[in-house]
Structures are given as structure tokens and as C-alpha cells.
Amino acid sequence: MASDASTSEPVTADYRAILERERAGLAHQLAELGHGDSGGLNYDSNFADTSQVTAERGEAEALAGELKDALAEVEAALARVDNGTYGRCARCGQAIGPARLEAMPAAQLCITCASRS
Ligand SMILES: [Zn+2]
């Protein structure tokens, strides 16, 4: 008798906010690394090109690469929210578990497919 009307609500409603917050955070971190929209590194030209600076630059580059990958995943997830495929596995089409989406809002694969790759 007690039908739950709220189940008809799309599950994606909250995830957009979560993903947008994540995207903003990643963009902010990239900007701090000098990888903002302008692109390229903004190292102070007064820095001597010592090996230490080179090493730090390498670490920053690696971190920026990870952040860019994460940002691309978040943006892809937002696109899936828009076209209504968010929350479905990109490989098998099954629903991705809410617990997994909570832990990894940008997850593209269900846990079965992710562990199979
Ligand atoms: Zn799957």
C-alpha cells in the first residue's frame, strides 16, 4: 500500500552537485600547479634550473597529469548525467552500485567490469 513516490526521482540529481564540486576542486588544484586554463607551467623564471627544481617540476608534471585524468573522468561523468546514462556501466550496461558511485562518483565501470580489466 505505502508506495514510495520518491523512487521515481532520478538518482542522478545529487551526483551532478558532487561531480561539479569535484570538478571545481580539481580545476583549482591544477591552477595552483600552473595548469590552469592558460596551460603550461608558470614557474618563476628566477628559479635556477637546478636538478632539484627539475625533480620538483617532474613531480608537479606527474601530479598535474593525474589531476587532468581525474578531471577528464569527472567531465565525462557530467556528460553522462546530461544524457541520462550516468550510473550505468560503460561496458556491460548494468547499474553501478550506489556505494561504488558514492566512493567514486566518476566511475565508468561497474565493480565487476572494473575488477575484470
Ligand atoms: Zn559492467
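Tally the residues that are within 12 Å of the ligand (Cβ to nearest atom) and surrounded by 17 or more Cβ atoms within 10 Å (Cβ to Cβ), restricting the search to the stretch 56-99. Write out each step before concluding.
Within the stretch 56-99, the subset within 12 Å of the ligand (Cβ to nearest atom) is 87-97.
Those still in the list that are surrounded by 17 or more Cβ atoms within 10 Å (Cβ to Cβ) too: 87, 89, 96.
Counting residues in the stretch 56-99 that are within 12 Å of the ligand (Cβ to nearest atom) and surrounded by 17 or more Cβ atoms within 10 Å (Cβ to Cβ) gives 3.
Taking only the stretch 79-117 into account, find how many residues are among the aliphatic types (A, V, I, L, M), modelled with pLDDT under 95, closer than 19 Å to G25 by Cβ and part of a helix (DSSP H, G or I).
Residues meeting the conditions: 3.
The values are calculated or read from the model by the stated rules, or taken from the named source; none is laboratory data. In this text the structure is predicted, and so the values were computed from the model without any measurement. Note: ideal-geometry Cβ built from the backbone for every residue, glycine included; neighbour counts use all protein chains shown.
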